[in-house]
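K.L.:
To start, I am sharing the structure in question, which I have written as structure tokens.
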Amino acid sequence: IDDIIESINLSIKRLKLINEFKPWNADEERSPEYWKKRNSISVEDKVSLNNIEDICKLFDADFGKTKRGYLRLGGINLPTDEKILIWWPSETTRKGWVNKLDLINNTITETHEDIHKKYKHFNEYLNSTQKRYVFFHQKDVLGLTSYKFIGVFSYDSVRSCTKIGTVWKRTGDEITLTK
């Protein structure tokens, strides 16, 4: 154990010497206010927020508009640009909606278990110009549920089809936050 601790301490010293040591402060880094002060987020930042309300706070979006009685919307438009959706998909099936994240191809396939809803959704987004800021619902390295920023996604007209569903591909790794 002493050798492991010594190795960790040496690694920290090396990183500090080259100015690359970044202490971990989970409470601060999971706060929307922290990221708003930085004025941008990127995939490299590994931004994880606790809940949908925190995602809305990051963009000054009205959290109340994400609720319909007991139901929760899967996303909300960016208050400053109606062409951008702030989206929080999950691989867990919710109300028939199924989202598959493919990290190799940087895509999310969005579909529905009900074939009629699947086709309707596909046709609704056919050739869409909408951008999506995506916070994927997942478990983090500590086993805690969080919403991790995975990038900016756009409609993929090549991969999307009625058979598999609507496909969104990552087209950006960073976004600037408005104050």
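K.L.:
Treating only the Cα positions of region 90-179 as identical point scatterers, give the base-10 log of I(q)/I(0) from the Debye formula at each q in 0.12, 0.17 Å⁻¹.
P.N.:
-0.39, -0.76
K.L.:
List the chymotrypsin sites (Phe, Trp or Tyr not before Pro) in region 28-123 that DSSP assigns to loop (not H, G, I, E or B) and whose Cβ has at most 15 other Cβ atoms within 10 Å. Which are they? Don't jump to the answer; show the numbers that get you there.
P.N.:
Working: sites: Tyr34, Trp35, Phe59, Phe63, Tyr70, Trp87, Trp97, Tyr119, Phe122; in loops: Phe59, Tyr70.
When the chymotrypsin sites (Phe, Trp or Tyr not before Pro) of region 28-123 are filtered for loop state and at most 15 Cβ neighbours within 10 Å, Tyr70 remain.
K.L.:
For region 41-124, would you read off the P(r) tail past 21 Å as a percentage of all alpha carbon pairs? Mind showing how you got there, number by number?
P.N.:
On the way: 1378 of 3486 pairs.
Summing the P(r) of region 41-124 above 21 Å gives 40 percent of all pairs.
K.L.:
Over all directions, how big on average is the projection of the convex hull of the alpha-carbon atoms in region 9-63, in square nanometres?
P.N.:
The directionally averaged projection comes out at 4.6 nm².
K.L.:
Can I ask one more? Find, among the trypsin sites (Lys or Arg not before Pro) in region 66-159, those assigned to loop by DSSP (not H, G, I, E, B) with at most 14 other beta-carbon atoms within 10 angstrom.
P.N.:
On the way: sites: Lys67, Arg68, Arg72, Lys83, Arg94, Lys95, Lys100, Lys117, Lys118, Lys120, Lys131, Arg132, Lys139, Lys148, Arg159; in loops: Lys95, Arg159.
When the trypsin sites (Lys or Arg not before Pro) of region 66-159 are filtered for loop state and at most 14 Cβ neighbours within 10 Å, Lys95 remain.
K.L.:
Please check: in the Gaussian network model of the chain (C-alpha springs, under 10 Å), which one of Ser128, Ser90, Ser31 has the largest mean-square fluctuation.
P.N.:
Comparing Ser128, Ser90, Ser31 in a Gaussian network model of the chain, the most mobile one is Ser128.
K.L.:
May I ask for the angle, rounded to the nearest 10°, between helix 115-125 and the longest principal axis of the chain, with both axes built from Cα atoms and the value confined to 0 to 90°?
P.N.:
So the inclination is approximately 80 degrees.
K.L.:
Let me ask you something else. Please give the per residue volume of the convex hull enclosing the alpha carbon atoms of the chain, rounded to a whole number of Å³. Please report the intermediate quantities before stating the final value.
P.N.:
Values: hull volume 27.3 nm³, N = 179.
Residue-normalised Cα hull volume stands at 153 Å³.
K.L.:
Still on this structure, please answer the following. Test of understanding: given the chain, find the longest segment containing no GluC sites (Glu not before Pro) that are in a DSSP loop and have at most 14 other Cβ atoms within 10 Å.
P.N.:
By the stated rule (loop sites, at most 14 other Cβ atoms within 10 Å), 21-90.
K.L.:
Looking only at Gly151, Gly96, Gly74, which one moves most when the chain is put into a Gaussian network model with springs between Cα atoms under 10 Å?
P.N.:
Gly96
K.L.:
Quick one: accessible area per residue over the chain, 1.4 Å probe, rounded to a whole number of Å²?
P.N.:
Values: 11420 Å² over 179 residues.
Roughly 64 Å² per residue, with all protein chains present.
K.L.:
Can you tell me the relative contact order of the chain? Whole percent, Cα pairs under 8 Å, sequence separation 6 or more. Show your work: numbers first, answer last.
P.N.:
Working: 293 pairs, mean separation 39.4, N = 179.
For the chain, the relative contact order is 22 percent.
K.L.:
Describe numerically, in nm with one decimal, the distance between label points set 7 Å from Cα along Cα→Cβ at Asp45 and at Thr171.
P.N.:
In this crude label model, Asp45 to Thr171 measures out at 2.1 nm.
K.L.:
Given a cut-off of 22 Å, name the pairs among Lys57/Lys131; Lys46/Lys139; Lys118/Lys148 whose C-alpha atoms lie farther apart than that in the structure shown. Could the numbers behind the result be given before it?
P.N.:
Working: Lys57/Lys131 19 Å; Lys46/Lys139 13 Å; Lys118/Lys148 26 Å.
Violating the 22 Å limit, Cα to Cα: Lys118/Lys148.
K.L.:
Between Thr178 and Ser11, what's the calculated FRET efficiency when r is the beta-carbon distance and R0 is 25 Å? Round to 0.05.
P.N.:
Details: r = 38 Å, r/R0 = 1.51.
For Thr178 and Ser11, the calculated efficiency is 0.10.
K.L.:
Okay, moving on. Give the distance, in whole Å, between the Cα centre of region 1-25 and the Cα centre of region 110-179.
P.N.:
38
The values are calculated or read from the model by the stated rules, or taken from the named source; none is laboratory data. In this text the structure is predicted, and so the values were computed from the model without any measurement. We place every Cβ from the backbone using ideal geometry, glycine too, and count neighbours over all the protein chains shown. Areas reflect the complete protein model, heavy atoms only, side chains present, ligands, DNA and RNA absent. Shrake-Rupley method; radii C 1.70, N 1.55, O 1.52, S 1.80 Å.
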